Amino acid sequence: MKAVIEPLLEAVNEEVIYQNPLLFLKIWEINSQSECYNVQDPWPWHYHKQVEFLVILEGKLGIQTKHDYVVLASGDVMMLGASQLHRTNKPFEGTLQYIVFQIDLTKHFDQSTIRYLHCFSELTQPLEDLNYIFRQNELAKQETHAIIMNVLVESQSKKIGYEIAIISSIKRLILLLIRSDTRNLLNIMEETELIRLSPALNYVELRLGDKITVNDASALLNLSYHYFMKFFKKNMGMSFIEYINYKRIKKAEILLLTCDLSIMEVGYEVGIANMAQFYKLFKRYNQCSPKEFKHRMRNESMIVG
């Protein structure tokens, strides 16, 4: 059903505050007993850089995006891509209960799964196009529903090891999307392309604290500078420089939490000696400074303990 799109002058850029900075997610349940909003009186347009999943437990929820308006019912699941404008409304009287799950999926890839990172970068294909899976594959929809419910339960209980349980669920969700994508919208990288890129990926991994150059990386693959840059971005979903920054900040996060180093020393350890640049990059990936990140995690540890 096509919706009439109004001017988006008051769209809100929502800042998502992670419940655990290292899990890069926020999840909560909304329960509305009786209020009724109609299509002409929805909640405001908003967007955020995190992917959002909506899981309906009871009642009906209206979702409007730039192109469509859909009504989800009990058992339904919908995914909204990063920075996708959307707003919701309650089109019918009665109880409405649903889960909102916001997550930066790109943060949940390591060296062993890096070949799939580009699938979720949304540089060429918006993730909301994957909603066809939930419309056509009832089992995939039910499993996604169960996975997200488990993430909610674990995040609320915070039992010992809850982080491991949540990460495991997120991996299951990513795997489910990859294996259920019968249209290959995710454009999975061929194994041969990953093997060809391996020398450059290993070069970055081993030299994060040192100078890394495109010329050195391209030479390892026997490619020209410009062809290497195009080849890398095509297969990884991000530029070589973006990949280096991503890896450096991931290492910085670990150092901040596991080593007794100053923030300046952490910057040096990951190859970013310029503190202004280090702070800028860290905030881009974590929405907070290194100091705030460390403080949040200390508080989190105190709460869990």
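The values are calculated or read from the model by the stated rules, or taken from the named source; none is laboratory data. Predicted model, so just to flag it, every value in this text is computed and none were measured. Cβ: placed from backbone, ideal geometry, glycine included. Neighbour counts: every protein chain shown. These area figures cover heavy atoms from the full protein model, side chains too; ligands, DNA and RNA do not enter into them. Shrake-Rupley method; radii C 1.70, N 1.55, O 1.52, S 1.80 Å.
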| said: Regarding region 272-288, can at least one residue be identified that is under 19 Å from Y18 (Cβ atoms) and not in a helix (DSSP H, G or I)? | reply: yes
Checked against (1) in contact (Cβ under 8 Å) with a residue 12 or more places away in the chain; (2) open to solvent by 20 Å² or more (accessible area, probe 1.4 Å); (3) in a helix (DSSP H, G or I), A219 satisfies every condition except (1)
Going through (1) modelled with pLDDT of 90 or more; (2) open to solvent by 10 Å² or more (accessible area, probe 1.4 Å) one by one, Y116 fails only at (1)
If we keep only residues of region 110-169 that are within 30 Å of R248 (Cβ to Cβ) and of a type in the set (G, A, S), then the residue nearest to the chain's Cα centre (by Cα) is S121
The residue from R298, R284 that alone is at pLDDT below 85 and open to solvent by 20 Å² or more (accessible area, probe 1.4 Å) is R298
Reported set for region 247-274 where residues are under 24 Å from V214 (Cβ atoms) and out of contact with any Phe, Trp or Tyr (no Cβ under 7 Å at 6 or more places or on another chain) is K247, R248, K250, K251, Y268, E269, V270, G271, A273, N274
### Message
For the structure I just gave you, tell me whether L197 is open to solvent by less than 50 Å² (accessible area, probe 1.4 Å) and not in a loop (DSSP other than H, G, I, E, B).
### Response
yes
**Study point:** Test: residue in region 83-93 that is open to solvent by 40 Å² or more (accessible area, probe 1.4 Å) and among the aromatic types (F, W, Y)
**Key:** yes
hydroxyl-bearing (S, T, Y), at pLDDT below 90 and in a loop (DSSP other than H, G, I, E, B) - does that describe any residue in region 21-39?
-> yes
*With respect to I254, is the statement that it is closer than 25 Å to I17 by Cα, of a type in the set (V, I, T) and exposed (fewer than 14 other Cβ atoms within 10 Å of the Cβ) true?*
yes
> Has region 138-155 got at least one residue that is open to solvent by 50 Å² or more (accessible area, probe 1.4 Å), over 28 Å from W43 (Cβ atoms) and polar (S, T, N, Q)?
Replying inline: no
Screening I164, I178, I188 for residues that are assigned to a helix (DSSP H, G or I), over 24 Å from G59 (Cα atoms), β-branched (V, I, T) and in contact (Cβ under 8 Å) with a residue 40 or more places away in the chain leaves only I178
